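Data block below; observations after.
The values are calculated or read from the model by the stated rules, or taken from the named source; none is laboratory data. What you see is a predicted model; the values in this text were computed from it and never measured. A quick note on method: Cβ atoms are made from the backbone with ideal geometry, for glycine too, and the neighbour counts reach across all protein chains shown. When the accessible area is computed, the model is the full protein with side chains, heavy atoms only, and any ligands, DNA or RNA have been set aside. Shrake-Rupley method; radii C 1.70, N 1.55, O 1.52, S 1.80 Å.
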Amino acid sequence: MRRRASSLFKMRKNNLGSIAATALHLITLTLPVSSSQYTPCPSSCSGKGTCTTPWGVCSCFTGFAGADCSLRTCPLGPAWSDSAIANDSGHNLAECSNRGKCDRNTGQCSCETMFEGSACERLTCPNDCSGRGRCLSSKALAKMQDPGVLRKASGCTSAEICNDVSCTVRNYGACSEVRAYDTPWEAEQFFGCLCDEGYAGYDCSIRTCARGDDPLTGSQNNDVQLLECHADFGTFTLSFRGETTALISVDASVTDVTNAINALSSLEGQQPKVAVSWTSGVDRACISSGNNIQVTFLQDFGDLSLLIPDGTNLGQTSGSDTPLITAQKVVTGDKESDSCSNHGTCDEAKGICQCLDDWMTSDGYGNAGTRGDCGYRSAGTTSTCPGEPACLGHGTCLGPPTYRCDCEAGRSGPDCSLIDCPTGKSWFSFPTAENSAHSEAECSDMGICNRDTGQCECASGFDGAACQYLTCQQDCHGNGECLSMATLAEKKVLNGDPTPYTYGSDPNNALTWDSDQVFGCHCSDNFEGHNCNLKSCPKGDDPKTQHQDNEIHQLSCTDSNDAGSFQLGFRGQFFSVDATSTAASLEIALNDLSTIEMVSVSYEDPNIYAGAPSLDPDALQLCRASEGLVNIEFMSPTGDVPEMSITNSVDIDGALTITTIQDGSKEYITCSGRGLCNHSSGLCDCFAGYASSDGQGNIGSRRDCGAKDPYAFDS
C-alpha cells in the first residue's frame, strides 16, 4: 500500500510539474517581450547594419535605412527642384532626383511621367522625337553646334590654326571648337530633340518648308567665301553645317572642287549649289605660294556658316614653306532666306509651301524652278501687298518695289495672317556663350505654336503661356504649394527656423537661369516627400539613449518702470511680452505657439515662486529692477533647437537678452528611433517593447515610440 501510495504521489508530482511547465510556457508566449532582451538593437539591424552599444542604435550599411535597417534607400541624383542650401546653391543630391517615389522594399525609383534613369535624373525626350531626330542631353547638343556659325565673322585663319609664330605646329581643330555646356546643373539631365533635316519642333513633329530669296527685293548679294591653300602635295577637306566633303587633292581641278562641295547634303536648293573659281592661270587647287579659291553660294541665302577647312594632311616639298589652308568671308550674303520666299505659308503637316496666287516654286533667282519656295511669279505683276485689305489690316504695306508687309507686333507671314506665340527662355538650345544658353524662343522651345490662335500647345509637364514652366505633377497632391526655385529658396527652413536664401537674383548668372522656370513642392505641415504625398510621423527622443539634456534658454530682463514690452520669437513665430508678465503667463504663451509642443518656464532663483514668503513686489515679474532671470526648458521639441530671439523692445530701460545656457543633446528623430513611420497614415509602428511617450521618456499620447513599454520585459 505504501509503495502504491508512493507511486501515485510521484505520478501526481510529475503531472503537476508538467502542468506548471506548460502554464509557464503559455505565459511566456502571451507576454510581450522586448527585442532588447535578446539583442540591444531592433531586429538585430535586420542583418543590414551594425549594432552600436550600449544604447542599441543601428548604423545601417550603405543602401539601407530605418531604425532597424529594414528599409532600402534609392539612388541619388541632382534634384530637379529643391530649396537652396545657400545663396544660388540649388539642385542638390536627392533620392530619385525629387521626381520619383522610392520603393523602400526594392530600393528602386518609380519615376514620374517624363523622367527616367535609375535616379529619375533624365528628362525623357518628348514622343521619342517622333522618330525624326536624335535624343541628346544639353551637354551633347552643345557639341553638335555648327562651328561655322561661330567662325563666320572672324574666319578660320592662321591666327587660329598656327600654334607658334612660324606655324610649324598647326591645329585645325581650333576652328572646329564650339561652346561647351557642361557646368550648369541640367547639362546632363535635360534631354531634348535635335531634329533631322526637314523637321522641327520640340518633338520633331513639324515639317519645315523650303526657304528662299524674295525676288522683289533687289541689289542683294550671295555669300562668297575665300579659301587660301598653300601646299604642293596631300589632301584637305571642307565642312559645312556639320557635313564634310570627301578628300580633295591639292591637284584637284575647279570642277573637282565644285563637285566635292555640291555633293554635301547640308546645302539647300537645286544644282548647282555653289560656283568655284580661283586665280587665273592656276590649274590646281593648291600651290606652294598659295592659291585663292573663291566659293560662291548659289542656293543658300543670307549670312551663311563658314566653310571649315582641315589641312592636316597637306604638305610642302620645301622645308622652308608651310602647308596651310585658311577660310574667310569676302562677301556676307544679305539675301533673304524666308520660309516660302515670303510669298506663301508653310503647311507644317506636309512640309509644302502654300503659295499666294500667281506664285510658284523657283530656281532661287525669280525664275521657275524646283526649290519649292514660292519665289517665282508665274503670271501678272505685283502692284499691291498681299491680303484684303492690304496686310489684312495687321501691318503696313511698304509699297514698290518690294510690296512687303511690315507686320505689327505679334503678327507674321507674307500677309500678316499668322499670329505669333509668346516667347520664353528656351529649355533646349545651343549655347550662346560658354556654359550659357536659354535665349528667348517661341513657346520656349517646348511647345507648338498654333498660328491661328497664337497659343502654345505645350509638351506634357510644361505650362504657362510660353510653356516656360516645368510644373509640379499632381499639384503637390493638395498638400503643399507649387513654387519656383526662387520662391523655394526664400522659404528655406533650417532646424525649424526660417532661413531665406536667394536663387537667381542676379540675372547675369547663367547657372541659375531656371530660377523662375523650374517649380517644386513646398509641403504643408505634417506632409513630406518631393510631391507632398507622404504623411509625416511624430518625432521624439530615443528613450534608450541616456545622460542627455533638454535645451534651456535663459531670459534676462532689467527694467525699473514696469512699462516696457518686447516680442519673443521661436522658429519664425513671435508674440508680445509685457515687462510685468510672469513665468506662468510666459509658459502659457510659449506653449500656444505651433512651433513648440511643450516648454517649462521657471525662475532662476528657486526661492521665487507663486506663494513664496517675503517676496519683493516685482519678484514674479519677468523684468525686474534688479534683473529678472527665468529659464525656459524645452520638453518638446527635444534636441539642439534654434535660440529664441527678441525684437521690438519698447521702454525697457535695462538689459534684455536671451541666452542658451544648456544645449539640447537629446535626439529628435522620426518615431524616436524605436519604430518605423507609416507614411500612409502618419502613424509610427513601434518596435516591440516601445510605446507612445510624453516626449520625456514617460508613457504619453505623442504616438512617437518614445517610451519603454512597462508591460514588456526589458533587460
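Before moving on, here are some points about what is shown:
- Structure note, pairs K329/K350; K101/K425; K491/K535; K425/K492: Cα-Cα distances above 24 angstrom occur for K329/K350; K101/K425; K425/K492.
- Calculated P(r) tail over 16 Å for segment 415-477, as whole % of Cα pairs: 49 percent
- The largest accessible area among H530, H91 belongs to the first residue in H530, H91, and the rest follow in falling order (1.4 Å probe, all chains).
- Two-decimal Rg to Rh for segment 234-379 - Kirkwood Rh, Cα set: 1.08
- Centroid-to-centroid separation of segment 382-429 and segment 499-538 [C-alpha atoms, Å]: 42 Å
- In this simple spin-label model, placing a label point 7 Å from the Cα along the Cα-to-Cβ direction at both S505 and S280 gives a separation of 6.9 nm.
- Exposure rank, largest accessible area first [S320, S253, S484; 1.4 Å]: S320, S253, S484
- Paramagnetic label zone (point 7 Å from Cα along Cα-to-C-beta, A433; backbone N under 20 Å) in segment 130-172: 139, 142-143, 145-147, 149-154
- Here segment 51-75 and segment 606-677 have alpha carbon centers that stand 36 Å from each other.
- Convex hull per residue volume in Å³, alpha carbons only, for the chain: 302 Å³
- Spatial offset of segment 100-116 relative to segment 317-337 amounts to 54 Å, using the alpha carbon center of each.
- Taking the empirical scaling 2.2 N^0.38 Å for compact globular proteins as reference, segment 568-650 has a Cα radius of gyration ratio of 1.12.
- Per residue convex hull volume, Cα atoms of segment 532-591, in Å³: 140 Å³
- N450 paired with N648, simple spin-label distance in nm, labels 7 Å along Cα-to-beta-carbon: 5.1 nm
- Principal-axis tilt of helix 2-30 within the chain, Cα atoms, nearest 10 degrees: 40 degrees
- Portion, in percent, of the accessible area of the chain that falls on carbon or sulfur, probe 1.4 Å: 49 percent
- Amide hydrogen proximity for Q455: with H placed 1.01 Å from N in the peptide plane, the residues at 5 or more positions away or on another chain lying under 5 Å are N450.
- Heavy atoms of the protein chains alone define the surface here; on that basis segment 103-197 has 49 Å² accessible area per residue at 1.4 Å probe size.
- Cβ-defined net charge surrounding S645, 10 Å radius [Lys, Arg +1; Asp, Glu -1]: -1
- Computed P(r) (all Cα pairs; segment 546-698; 10 Å bins; percent): 11, 36, 29, 15, 8, 2
- With the helix formula -39500 (n - 2.57) applied to DSSP H stretches of n ≥ 4, the chain reaches a computed 222 nm mean residue ellipticity of -3000 deg cm²/dmol.
- Ranked by solvent-accessible area (1.4 Å probe, protein heavy atoms only, all chains present), the residues T279, T370 order from largest to smallest as T370, T279.
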